[in-house]
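Undergrad: For reference, the structure I am asking about is given below.
The values are calculated or read from the model by the stated rules, or taken from the named source; none is laboratory data. No experiment lies behind these values; they were computed from the predicted model shown. Here the Cβ positions follow ideal geometry from the backbone for every residue, glycine too, while neighbour counts run over all protein chains shown. Surface areas here come from the heavy atoms of the whole protein model, side chains and all, with no ligands, DNA or RNA. Shrake-Rupley method; radii C 1.70, N 1.55, O 1.52, S 1.80 Å.
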Amino acid sequence: MSENLIPDSKLKTSEQLCPKVGHHRFRAVFLFCIPAFLLSSALYALVLFLFLNACFPFSLPGKNRKDFAVIVVAGDGSPLRSFPDEKGVWRYPVRPENVSPLYLEALINYEDRYFYLHPGVNPLALMRAVLQYMQSGHLVSGGSTLTMQVARILQPHSKTVAGKCRQMFRALQLEYSLSKKEILGLYLNYAPFGGPVEGVQAAAYAYLGKSAGELSHAEAALLAVLPQSPTRMRPDRHPRRAEAGRNKILDRMAKFGIWNAETVASAKIEKVQRHFHARPLKAPLLARRLKGQASPDAPLRTFIDPLLQESVAGLIRGFIADTPEHSSAAVLIAENRSLAVKVYVGSADFLDNSRFGHVDMVQASRSPGSALKPFLYAVAMEEGLIHSQSLMCDAPFSFSGYRPDNFTRHFTGPVSAAEALQRSLNLPSVDLLDRVGPKYFDARLRQGGLHPDYPSRQEPNLTLILGGAGTSLENLVCAYRSLAAGGLSAPLRFTENDPLRERRLLSPGAAYIILRILREKRRPDLPAGRLFLDNARQVAWKTGTSYGFRDAWTIGVTDRYTIGVWVGRPDGTPSPGQYGRATAAPLLFRIVDSLPRQYGPPPAVPDSVSREEICWPLGKAAKETDDDLCHERRQAWVLNHVIPPTLPDRSDRLWLGNPVTIRINPRTGLRVDADCPVAGSQKKVIARWPAATRPWLPPRIRRKSRIPSPDPACGSSASNREENIRIMGIEPDTVFRPPGAETRLPSLTFQASGGREELYWLLNGDLIARVPAATPVVYSFRHPGQYQLTVMDPGGSFDSVKFRVIGGGE
């Protein structure tokens, strides 16, 4: 019995089951099946990729980012100071369009020539790398694309097959999620360049000291090769290795025809330098101040001019070496037009602890000395008290118990308001503040944005104008800027985000007059004629010195900039001999001379300002003053066409006005009263000078302004209020010499009769004593020579005598 359950007749051959197909039909089926298989495989792979991508998403920096260093940059984008992330990494954000095209060419052609063609993984490059490895037994070329390198940088993996597969998957994820430009941007910002440096921008500044947008061919090639072996080829540690790697890229660029042979040969000549500047400190205190405004997303761009900043910082370093130990200096420069800060040097050396380099003296509140005086004179002009040539008195005086001295203890008697401001005389300024009112002056300053700091429980008083209240270099620069901006002050602007908020501090006319007065003050470092040859070097400047030589200030205003300079010890200890004119002013002039030269027309004269001829001692317009009453003519700047007369004489207890009208006996020339029995008396008008100026007046002027003595024919008269004062014991032209064989110069005792209250003793204009009336004064001479001794009382009564002192050998 057959084992076949199906009869043979029922069986079908293979030809029956699968009919013969022609060769062309088989080929068609094959051509259809293979693409279908590949398509279905690709679809399955795509579905699998989307599934895995959803299950294992790539954590991009934008969501869970490795923070960039917080960086504050100058106006041109160069870093001033950066603050690393919590891991100490220095990484500065940069976009591909801000990177040199030379670097991008070197990077793409060295690392991944087909970057813009592949989907993140280059199969041909992988196959080539595998074959080369199998043939040589070691790695000849890598198969990683730029995208794969970015994946490895952002998510490091193990050097295994599994790790490589993971890297390729992450690369595909990057290509799926980002554009080629975005992937390139990740590489530019996160590629390792050795040590704490990541990203091409940080590397460019660290190793080359420049932006990644300013690279040469050699520099571009150097930075392109570093991420391959960042530790082994760090230029600051292994310059020869770095140079060899750079030349390898240069050769490849020539081989591919990207750069010509001549360019490559020239690039190879450049030597790799051992530089490392990962932490710039061009304006460290400003950066520290603005750090809170900065964001890791982008640098905080300031208005700082990096070249000017470095120049001024260098001047300060050279200058401070000649100052006493623990001294520091600060400089602030702002544009007059916009108040944009171009230079901010808060200390002499940020890294020098012995000079308190970490203390920002731009913001510190210190005594400004005389630096507020220009604003007092401006306010007084606005109030109609003075014009630029108003007669003022530089002589010792007591203001309700407050007895200020001049800085030099020297007095010159009659001075103009302009001269008093230029020479920073204290007595005229205190006198003027007393008339304006300390509280009113303080209110005007605050209205304009300058807020003096007073000691606890102290109100504005006369010491305000001599440094009795604190302020900062920053506030002074803002205030002085008003002189060049029509009287408008405003807070400083450090970035574009800072609005220009101007406030009225002075009227345009007052600001212009004060600016002219300070600008006419000759620079002591230049010959007199040089100022008028180079307008770019002209500057309106004012100094200030705080009590005890603790702070030396100079503020300068040019056509374009306002410059503030402070020198002193941040801990507040005195620096004897360091004062504004001798210490801060020379530094200011060096800075002014280093500024870019810009020539322009002088500022326009406001309509409220005019030039008028006035007369001393009355202070009125010359055209309205009789010749007999005009003892001296002067050209004055006048505000609002108002010519205020000379201020009342506060030293004259019985002030009768100026001029004074009296009657005289024509036969004797002596003064008579209305009830005096003298026939034919005549009227006489006398222009009086302030009583305290009389010791300095020429004899001719003194005679013209003296009120005659009362005529004896009138008997006793209440009008006789002269209280004569006389120096006793010294005859005119006396010669004093040491007794016997003594070689030391003599000591003399000075005494006077008459006078009231206290007496002021001056020797050649220098105050040597202030004592009660009838009190003798002992003075020891240090130098031989001709001397003039003057004694005066608060009422203006005085006496003077000339004598000579010689040594024992003469």
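Undergrad: List the residues whose amide H sits under 5 Å from the amide H of Ala348, counting only those 5 or more places along or on another chain, with H placed 1.01 Å from N in the peptide plane.
TA: Those lying under 5 Å, H to H, from Ala348 are Ala329.
Undergrad: Also, quick follow-up: Considering only protein heavy atoms and a 1.4 Å probe, what is the carbon-and-sulfur percentage of the accessible area of the chain?
TA: The C+S portion of the solvent-accessible surface of the chain is 54 percent.
Undergrad: Apply the Karplus curve 6.51 cos²θ - 1.76 cosθ + 1.60, θ = phi - 60°, to the phi angles in segment 567-582 and return the couplings in whole Hz, x for Gly and Pro.
TA: After applying 6.51 cos²θ - 1.76 cosθ + 1.60, I find 9, x, 10, x, 7, x, 6, x, 10, x, x, 9, 9, x, 5, 8 Hz.
Undergrad: Same structure, new question: Run lengths n ≥ 4 of DSSP H only: what is the helix-derived mean residue ellipticity at 222 nm for the chain, with -39500 (n - 2.57) per run over all residues, to the nearest 500?
TA: Working: 21 runs with 235 residues, N = 810.
Theoretical 222 nm ellipticity from helices: -9000 deg cm²/dmol.
Undergrad: So, one more: Mind listing the long-range amide H neighbours of Asp453? Cut-off is under 5 Å, sequence gap 5 or more, other chains count too, H placed in the peptide plane at 1.01 Å from N.
TA: Amide H neighbours of Asp453, under 5 Å, 5+ apart: Gly470, Thr471.
Undergrad: Right, another one. Beyond a 23 Å Cα-Cα separation, which of these cross-linked pairs lie in this structure: Lys248/Lys282; Lys282/Lys342; Lys180/Lys291? Don't skip to the end; give the middle numbers.
TA: Details: Lys248/Lys282 35 Å; Lys282/Lys342 12 Å; Lys180/Lys291 33 Å.
Exceeds cut-off: Lys248/Lys282; Lys180/Lys291.
Undergrad: What is the angle, in °, between the Cα long axis of helix 438-447 and the longest principal axis of the Cα atoms in the chain? Nearest 10 is fine, range 0 to 90.
TA: On a 0 to 90 degree scale, this one is about 20.
Undergrad: Still on this structure, please answer the following. Could you give the size of the charge dipole of segment 353-436 about its Cα centre, using +1 on the Cβ of each K and R and -1 on the Cβ of each D and E, expressed in debye and rounded to the nearest 20?
TA: Working: 7 positive and 8 negative charges, 67 e Å.
Approximately 320 debye in magnitude.
Undergrad: Of the options Ala162, Thr231, Ala204, report the single residue whose Cα projects farthest towards the positive end of the charge dipole of segment 128-275 (beta-carbon charges: Lys, Arg +1; Asp, Glu -1).
TA: The one lying farthest along the dipole's positive direction is Ala162.
Undergrad: How many angstrom lie between the Cα centre of segment 154-210 and the Cα centre of segment 335-366?
TA: 39
Undergrad: Show which aspartates and glutamates lie in cross-link reach of Lys542 when reach means a straight Cα distance below 15 angstrom and same-chain residues fewer than eight apart are skipped.
TA: Glu419, Glu520, Asp525, Asp551
Undergrad: Below 23 Å, Cα to Cα, which lysines can Lys439 reach? Residues fewer than 8 away in the same chain don't count.
TA: Within the straight-line limit of under 23 Å, Lys439 reaches these lysines: Lys373.
Undergrad: Remind me, relative contact order of segment 226-276 in percent, using alpha carbon pairs under 8 angstrom and six or more residues apart?
TA: Over segment 226-276, the number comes to 40 percent.
Undergrad: Over segment 382-510, with the other protein chains present, what is the accessible area per residue in square angstrom, probe 1.4 angstrom?
TA: Roughly 36 Å² per residue, with all protein chains present.
Undergrad: Per residue of segment 231-240, in order, report the coupling 6.51 cos²θ - 1.76 cosθ + 1.60 (Karplus, θ = phi - 60°) as ³J(HN,Hα) in whole Hz, putting x for Gly and Pro.
TA: 7, 5, 10, 4, x, 6, 10, 10, x, 5
Undergrad: Whole Å is fine, so just give me how far the alpha carbon centre of segment 221-236 lies from that of segment 761-810.
TA: First find each Cα centre; the distance between them is then 79 Å.
Undergrad: I'd like to know which of Gly245, His217, Phe256 lies farthest towards the positive end of the charge dipole of segment 207-281, counting +1 on Cβ of Lys and Arg and -1 on Cβ of Asp and Glu.
TA: About the Cα centre, the residue reaching furthest to the positive side is Gly245.
Undergrad: Then there's this: Which lysines, if any, have their Cα less than 18 Å from the Cα of Lys255, not counting same-chain residues under 8 positions apart?
TA: Output for Lys255: Lys268.
Undergrad: If one takes the longest principal axis of the Cα atoms in the chain, at what angle in degrees, from 0 to 90 and to the nearest 10, does the Cα axis of helix 161-177 lie?
TA: Long axis of 161-177 versus the principal axis of the chain: about 60 degrees.
Undergrad: Starting from the amide H of Tyr561, placed 1.01 Å from N in the peptide plane, find each other amide H under 5 Å away whose residue is 5 or more places distant or on another chain.
TA: The answer is Asn336.
Undergrad: OK, next. Between helix 508-519 and the chain, what is the angle of the helix's C-alpha long axis to the longest principal axis, kept within 0 to 90° and rounded to the nearest 10?
TA: The angle comes out near 80 degrees.
Undergrad: To continue, here is another question. When only Cα pairs under 8 Å and 6 or more residues apart are kept, what is the percent relative contact order across segment 549-656? Provide the component values of the computation, followed by the final result.
TA: On the way: 140 pairs, mean separation 20.1, N = 108.
Once normalised by length, the contact order is 19 percent.
Undergrad: Alpha carbon centre of segment 374-420 versus segment 277-326: separation in Å?
TA: Between the Cα centres of segment 374-420 and segment 277-326 lies a distance of 40 Å.
Undergrad: Further question: Determine the relative contact order of the chain: mean sequence separation of Cα pairs under 8 Å and six or more apart, normalised by residue count, in whole percent. Don't skip to the end; give the middle numbers.
TA: On the way: 1538 pairs, mean separation 70.7, N = 810.
With pairs under 8 Å counted, the relative contact order is 9 percent.
Undergrad: Could you give me the ³J(HN,Hα) list for segment 204-218, computed from phi with Karplus coefficients 6.51, -1.76, 1.60 and θ = phi - 60°, whole Hz, x at Gly and Pro?
TA: 4, 6, 5, 9, 10, x, 8, 6, 5, x, 10, 7, 7, 4, 5
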